Number of protein chains: 2
Amino acid sequence: MKWCRFQSGKTMAYGIIDGTTVTEVTGSPFESYSKTSNTSILSRVKLLVPVIPPTFYAAGVNYREHVTEMAHRRGVKPEFPPNADVGYRANNALVATDEPIVIPRDATDQVQYEGELVAVIGKRCKKVSEAEALDYVFGYTLGNDVSERTWQRGDRTFWRGKNTDTFKPMGPWIVTGLSPDDLRVTIRLNSKEMFTYAVKDAIFGVRQFISRMSQYLTLYPGDVLWMGTDGATENMKDGDVVEVEVPEIGVLRNPVMRER
Amino acid sequence: MKWCRFQSGKTMAYGIIDGTTVTEVTGSPFESYSKTSNTSILSRVKLLVPVIPPTFYAAGVNYREHVTEMAHRRGVKPEFPPNADVGYRANNALVATDEPIVIPRDATDQVQYEGELVAVIGKRCKKVSEAEALDYVFGYTLGNDVSERTWQRGDRTFWRGKNTDTFKPMGPWIVTGLSPDDLRVTIRLNSKEMFTYAVKDAIFGVRQFISRMSQYLTLYPGDVLWMGTDGATENMKDGDVVEVEVPEIGVLRNPVMRER
């Protein structure tokens, strides 16, 4: 099943996508909902960020080649995280597919993509085992963890390095019934494939993160967990178009512009 | 004006406190609202966390004596932050006044309070000056940034060190019309005064944080900014009661229990 949030005229609602049409629902996929008789052509609605999370979790450094490459560029030894210690991102930075990533005027040219899988929590969970963890996932979407590398390294926190407005594209929609182990993420810049990796090569998988987090935290319906990216990442500049694709989900596509 | 969120029977709503009574309102203080004819005795309602923030910001290290004392305990030189680089906390950890802080079974005895002022954003803001910044504050409440020090130091992020469920008491309510420069925070453990400090001794004040953050981020109504604590902090144990007070606001009081 494919779930989106969309705007059509003045209506903003959750919708179920079937082929090329969207059916508006009342309520939310996480609680109770019912289909209405309003349908729209998918290509004619504006897709919104598919969920506004109560808490926005991000695995951060979670793939070996990414850790190795980023350490190499800084001239330091790669250090792999010993535990699935989750980090945070912020809702102000979320934008939907097709919305622009806006590079601030005073950012350097080191504004880079990180294409990743996003797990969306479907049910409240606390103290679940790794074996049970995937039962609490509603579905999967895609994220682009856009990062200004000089701010990421130089500031005390990731506040603007990773959470500047528009730096967190998420979408295009949420797909249910997938197994994360089967998925492959591909990142393209201006239609050129930049990197492709198997989700299952993560240092810690979705099961491990959810189980460990839930020993201390309650996860709530709509919370999102961004799983981290693999490989080298490159700069994006004004006029570029960046895409993150998992064929079983779809394509998250965002134009890039620099603030003038 | 004193704004709260409260539960009375099955009703959960925003309310306006006047003396010893609460008047239920429909809507929210951040958009449009209207008073209903339902009033309750304040002492008979259950106070809820006064706002669930879209984004939960925390200044973190922001007072000289706190930075110095914490560095001293770790045997390192104190380092003061060069810029108002804001951090994040997580909504799962929020609890209201009177609700227990629950120390997990496997936490060490180094679970400590940090009593602080909380600014609640009232209006969407982006790129505001320091002179304008306070116009975007709706009001002030109190927070206790409970921290498990070994996890805070040992984990890659603050996920459980600061965001374990119940580690973020906030309340008791929001008071409008205050100037942060006039306020003093006092922290008590089992009725004994542990520390008191002037809010204006912060390394960076509310104006500076909001202005700097808003150069890159949009702040939204209901976002909260915890301003950091001053002084040494001490361990809390099962059976303790911790209080954070600003006389012009009120008292945030929480019992402490250890999970068995």
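Rounded to two decimals, what is the ratio between the C-alpha radius of gyration of region A:39-90 and 2.2 N^0.38 Å?
That works out to 1.81 for region A:39-90.
Please grab the % of Cα pairs in region B:130-246 that end up more than 19 Å from each other. Across region B:130-246, Cα pairs with separations above 19 Å total 54 percent. In this calculation the C-beta distance from A:Ser28 to A:Thr196 is compared with R0 = 45 Å, giving a FRET efficiency of 0.85.
Counting Cα-Cα pairs of region B:57-117 in 10 Å increments starting at 0 gives whole-percent bin shares of 16, 40, 36, 8. When every Cα-Cα distance of region A:165-227 is counted in 5 angstrom steps from zero, the calculated P(r) takes the values 3, 11, 18, 24, 23, 13, 5, 2, 0 percent.
At q = 0.11, 0.15 Å⁻¹ the log10 of I(q)/I(0) for chain A amounts to -0.57, -1.08, computed by Debye summation with a single uniform scatterer per C-alpha, solvent ignored.
Over all directions, the projected convex hull of the C-alpha atoms in the protein assembly as shown averages 24.5 nm² in area. Once the Cβ-Cβ distance of B:Lys237 and B:Phe80 is raised to the sixth power relative to R0 = 51 Å, the FRET efficiency obtained is 0.95. Calculate, in whole percent, how much of the Cα-Cα pair population of region B:113-178 lies beyond 16 Å. Looking at region B:113-178, the distances longer than 16 Å represent 58 percent of pairs. Classify region A:191-238 from the C-alpha gyration tensor, please: rounded if a/c falls under 1.5, else prolate or oblate depending on whether a/b exceeds b/c. Verdict is prolate for region A:191-238.
Taking neighbour Cβ counts within 10 Å as the exposure measure, how do B:Thr150, A:Thr55 sort from fewest upward?
B:Thr150, A:Thr55
Each of A:Glu65 and A:Asp106 was given a label point 7 Å from its Cα along the Cα-to-Cβ line. The distance between the two points is 3.7 nm.
Each of B:Lys10, B:Lys126 has some number of other Cβ atoms within 10 Å of its Cβ, and from fewest to most they run B:Lys10, B:Lys126. Here B:Lys35 is the anchor, and the lysines within straight C-alpha reach of less than 29 Å, apart from those fewer than 8 places off in the same chain, are A:Lys10, B:Lys2, B:Lys10, B:Lys46, B:Lys123.
Counting beta carbons within 10 Å around each of A:Phe195, B:Phe56, B:Phe204 and listing the fewest first gives the order B:Phe204, A:Phe195, B:Phe56. Placing unit charges on the Cβ atoms only, positive for Lys and Arg and negative for Asp and Glu, gives region A:192-260 a dipole magnitude near 200 debye about its Cα centre. Pair-distance distribution P(r) for region B:1-139, from all Cα-Cα distances in 5 Å bins starting at 0: 2, 7, 13, 16, 16, 15, 12, 9, 6, 3, 1, 0 percent. Share of Cα-Cα pairs in region A:62-166 beyond 20 Å, in percent? Roughly 52 percent, once rounded to a whole number.
Each reported figure results from applying straightforward, stated rules to the coordinates on display, with no laboratory input. This one's a predicted model, so the numbers in the text were calculated from it and none came from an experiment. A quick note on method: Cβ atoms are made from the backbone with ideal geometry, for glycine too, and the neighbour counts reach across all protein chains shown.
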